[in-house]
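Notes to accompany the following structure.
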Amino acid sequence: MIDVHLAIIDYLIIGIYLVFVIGLGFYFRKKQGSETDYFLAGRSVLWPVIGFSLFASNMGSISLVGLAESGYSFGFAVFSYEWMAAIVLILFAVFFLPFYLKNKIYTVPQFLEKRYSPFARYYFSTVTILLNVFIDIASGLFAGAIVVKMAFPALSIVSIIWIISIIAAIYTLMGGLASVVYSDTVQAILLLISSIVITIIAYQKVGGWSQIVSGVDPVMLDIIRPIDDATLPWPGLFSGVFLLGFYFWITNQFIVQRALAAKEIKQGQWGAMWAGLLKMLTLFIMVLPGVMALLLYPELDDAKNAYPTLVFDLLPTGLLGLTLAGFIAALMSSVDSGLNAAATLFTMDFYKKRNPQAGVGKTLKVAKIMIIVFMIIAALWAPHINSFESFWDYLQMVLSFLCPPVVALFTFGLFSKKVNKHGANAAIVVGLTLSVISIAYKIFSTFYMDGVDILPHYLYLAGIIFIACSLVLIGVSYAYPDDEEKDWDKLIWTPEYFKGETKALSGMIFYYNYRYQAVGLLLIIIVLLVVF
């Protein structure tokens, strides 16, 4: 265990940051004139803030600990989740975001109601709330507590979880989405600076790239793994990893809400491209440090401690405080985003749906109460995550079972009028049944069968569930009459829409055109995959 000593300047930096984020919440409290102001920051957010907020919300303490842990244990393969996310962000900007913004929705499940039925909305909203609370928020709290515990050993993990929960809840409750996205921007910058500093120092201490190459198994520096790899077989990239990315970046309120707050479509598209570019850095500033930690600290008892050990062992006074502030910022960003998203979903998809005449004051009061409720639930659950062998596997496994039916509904629903509410309802029932059976079996095999598992790798299983749900969706839809006439121009992507957008973009300078930005991002991905 690393002996941790914080100087007064370190404590001061951390204190200044915490005061800042709480102050931000109080500042934006004055700007809550409507539900749009509270839940969508007045639909006025510009692309840099959207991009930084998307990055910070995703690359929180979960990713700092989880990616470094996987880098320490398995190497570069975990970066596949990041480059695939960038591809999914391109799909989001091209196909889905314009239609979300056309419909002026507050929540992503609202789009499912417009496309299919209220049942689809209620189901997806419920699933998303559960995932936000038990995966996004709780995992962020647990991951953050691991590092904070090393800095403040006198505090228990449970105490740290409650302290962070309360601070994040205060400024989220006060300022709504505006305080979340603008604090996320500061948090993203702090996170990037601190991660780059750690990477540079660790790289120097290891002795450079040649020492990394000679010091680890060559397979650890490969992003794409062979088909028999137990961690991330390459076919799983096109089943599980893609489906997980689709759910997270295109349909998860936790992420999408900041894009829904875009001032206009192009601002949201630019923000998505900016977030995708930032994701490319994670190979070098989050995964690579985990690999270097393997060389510097080969005897770690727990791979989860790879990143915290780098922080406390390598950084001098002052930089340690800045980095801890950056880490706490990352922790806050995952917690505040989850709390805001879950409260928005409950308020707009359940309370407001059943009480459409409720005034702004009453609606915001309900949202604030739910922020507190969800904070308490997540804080109570977070300590139990430690019972899972791998932090990253916990996240990906649960998502891989629950997201396939949702991905099927969004994918086919955006491109075809033929799929209808009857097919959607049937696909939901089948998907939920398969998901519950899979999760129940995984839990049973873990605790009662010594981990013996006859199911396919969870990345393959996600693809199997997706195919089953897609077949049910299409088959049942064709067995029933088409849905009644809807406003299809706002619900279905067509080649005509693409042609119209092309014409609108034709007079734009190429580097302002998000399509050229997308091509540049794809080229960066290809280069990284070729090199590694």
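Taken together, V398, V429, V436 contain a single residue that is out of contact with any Gly (no Cβ under 7 Å at 6 or more places or on another chain), hydrophobic (A, V, I, L, M, F, W, C) and modelled with pLDDT of 90 or more, which is V429.
Contact map, segment 131-159: first residue under 13 Å from S337 (Cβ atoms), second residue modelled with pLDDT of 80 or more and part of a loop (DSSP other than H, G, I, E, B), Cβ cut-off under 9 Å, separation 6 or more or different chains; pairs are L131/N252; L131/C403; N132/N252; D136/N252. Condition check for G176 on (1) of a type in the set (G, A, S); (2) over 21 Å from the mean Cα position of the chain (by Cα); (3) over 25 Å from P316 (Cβ atoms): one failure, at (2). Residue count for segment 42-64 satisfying the condition of being over 14 Å from the mean Cα position of the chain (by Cα) and not aromatic (F, W, Y): 7.
Residues of segment 336-370 being outside any helix (DSSP H, G or I) and either touching a helix residue (DSSP H, G or I) at 6+ places or on another chain (Cβ under 9 Å) or aromatic (F, W, Y) (or both), which ones? Within segment 336-370, N355, A358 meet the criteria. Taking the conditions exactly as written (assigned to a helix (DSSP H, G or I) and touching a residue at least 24 places away in the same chain (Cβ under 8 Å)), does S445 satisfy them or not? Spelling it out, it is not the case that S445 is assigned to a helix (DSSP H, G or I) and touching a residue at least 24 places away in the same chain (Cβ under 8 Å). Count of segment 498-511 residues, restricted to those that are assigned to a helix (DSSP H, G or I) and either among the aliphatic types (A, V, I, L, M) or touching a helix residue (DSSP H, G or I) at 6+ places or on another chain (Cβ under 8 Å) (or both), is 5. Comparison of Q267, Q357 shows that the only residue that is more than 21 Å from the chain's Cα centre (by Cα) and of a type in the set (S, T, N, Q) is Q357.
Only a single criterion out of (1) without any contact (Cβ under 8 Å) to a residue 40 or more places away in the chain; (2) under 16 Å from the mean Cα position of the chain (by Cα) is not satisfied by W234, namely (2).
Just one residue in the set F510, F532 is over 30 Å from N420 (Cα atoms), modelled with pLDDT of 85 or more, surrounded by fewer than 16 Cβ atoms within 10 Å (Cβ to Cβ) and under 25 Å from the mean Cα position of the chain (by Cα); that residue is F532. For segment 190-210, the condition holds for no residue, the condition being that it is over 30 Å from I250 (Cβ atoms), at pLDDT below 90 and not in a helix (DSSP H, G or I).
Would you pick out the residues in segment 105-130 that are free of Cβ contacts under 8 Å to residues at least 12 places away in the same chain and not in a helix (DSSP H, G or I)? Passing the criteria: none in range.
Sub-7 Å Cβ pairs linking a first residue in segment 467-490 that is among the small types (G, A, S) to a second residue that is buried (at least 16 other Cβ atoms within 10 Å of the Cβ) and part of a helix (DSSP H, G or I), at least 6 apart or interchain, are A468/V430; A468/L434; S470/A408; S470/F412; S477/H422; S477/G423, ordered by first then second residue.
The values are calculated or read from the model by the stated rules, or taken from the named source; none is laboratory data. Please read all numbers here as calculations on a predicted model, not as lab measurements. Glycine gets a Cβ as well: all are built from the backbone with ideal geometry, and neighbour counts include every protein chain shown.
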